[in-house]
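*Asks:* One structure coming up, written as structure tokens, with questions to follow.
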DNA sequence: CAGATCACCTGCTTGC
DNA sequence: TGCAAGCAGGTGATCT
């Protein structure tokens, strides 16, 4: 009510609207969308009237967050460095401290913020690393390739306005198109574009994981 | 302490 | 056609 938006920041998958006297914390979860002057469906969970328009927070599955805090609590800040800005040396030193599989480490937002299931699978494919490879055992060279590919894929996906698997749209209601360039995600059984072997789907860390058994190595 | 297993919620697709 | 099971862009709590 009568508050001003001073700044809008993003860190990993989290968005922060800095207001006078508080902060609006937003995480879209799996099916969350922010719609600018969009259609109010039955899944509109919050509606923000601004001077020049309306912001709707729409989320079918309600896994996302749209929360106002006078002061941002600690548990809303427990995220590692942002995937798009983390330096390679920082990325490598953090990798060395993780014992798990590289796929689950990439998904861990405390490691780096911003990589989700689609982009973890795509980045591992692009760098020819098996999702079960031990994070701490990756050579400097392979870690360098992975860091390069995480950045390249996230930037490319942003350029294509994301991946619309079933219903994601951006603030203007437009679908993303990056799903057309997925090499492994959602392509189990199809031929690997690099070596021709069939793409596999396994479950790793409770998440569907897609990779090529022919050219991604442990 | 890491890894597995649920839990949260709703809709769509698949298979009998 | 109907109905149950499995799947989904993500965390987070609680076990073993």
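*Asks:* One quarter of the convex hull surface, Cα atoms only: what value does that give for region A:1-148 in nm²?
*Replies:* 10.2
*Asks:* While we're on this one: If packing is taken as the average number of other Cβ atoms within 10 Å across a peptide's residues, how do A:108-115, A:120-127 rank, most packed first?
*Replies:* Answer by packing, highest mean first, reads A:120-127, A:108-115.
*Asks:* I've got another one for you. Which value in deg cm²/dmol, rounded to the nearest 500, describes the helix-derived mean residue ellipticity at 222 nm for chain A, given -39,500 (n - 2.57) per DSSP H run of n ≥ 4 and division by the residue count? Display every interim value, and only then the final one.
*Replies:* On the way: 4 runs with 45 residues, N = 218.
So the helix-based figure for chain A works out to -6500 deg cm²/dmol.
*Asks:* If we sort A:45-52, A:184-191 on the protection proxy, mean other Cβ atoms within 10 Å, highest first, what's the order? Could you put the intermediate results ahead of the total?
*Replies:* Numbers: A:45-52: 10.6, A:184-191: 16.4.
The peptides rank, most packed first, as A:184-191, A:45-52.
*Asks:* How high is the relative contact order of region A:40-198, given as a whole-number percent (alpha carbon pairs under 8 Å, six or more residues apart)?
*Replies:* Computed value for region A:40-198: 16 percent relative contact order.
*Asks:* Using a Gaussian network model of chain A whose springs link C-alpha atoms within less than 10 Å, name the residue from A:63, A:88, A:16 with the highest mean-square fluctuation.
*Replies:* Among A:63, A:88, A:16, the largest GNM mean-square fluctuation belongs to A:63.
*Asks:* Who wins for biggest fluctuation among A:55, A:106, A:84 in a Gaussian network model of chain A, springs between alpha carbons below 10 Å?
*Replies:* A:55
*Asks:* Label residue A:36 and residue A:167 with points 7 Å out from Cα along Cα→Cβ: what is the distance between them in nm?
*Replies:* 2.3
*Asks:* Taking N as the number of residues in region A:65-218, what is its Cα Rg relative to 2.2 N^0.38 Å?
*Replies:* 1.07
*Asks:* Let me ask something else. May I ask for the angle, rounded to the nearest 10°, between helix A:140-159 and the longest principal axis of chain A, with both axes built from Cα atoms and the value confined to 0 to 90°?
*Replies:* 40
*Asks:* With the radius of gyration and the Kirkwood radius both derived from the Cα set of region A:5-76, what is their ratio Rg to Rh?
*Replies:* 0.95
*Asks:* Oh, and also: Put a dot 7 Å past each Cα toward the Cβ at residue A:188 and residue A:90; how far apart are the dots in nm?
*Replies:* Those two pseudo-labels are separated by 3.6 nm.
*Asks:* Run through every distinct alpha carbon pair of region A:125-211 and return the Kirkwood hydrodynamic radius in angstroms, one decimal place.
*Replies:* Result for region A:125-211 stands at 14.5 Å.
Read-outs: derived from the displayed coordinates by stated rules, not from any lab. Everything numeric here is computed off the predicted structure, so don't read it as measured data. With ideal geometry, Cβ positions are generated from the backbone for all residues, glycine too; neighbour counts draw on all protein chains shown.
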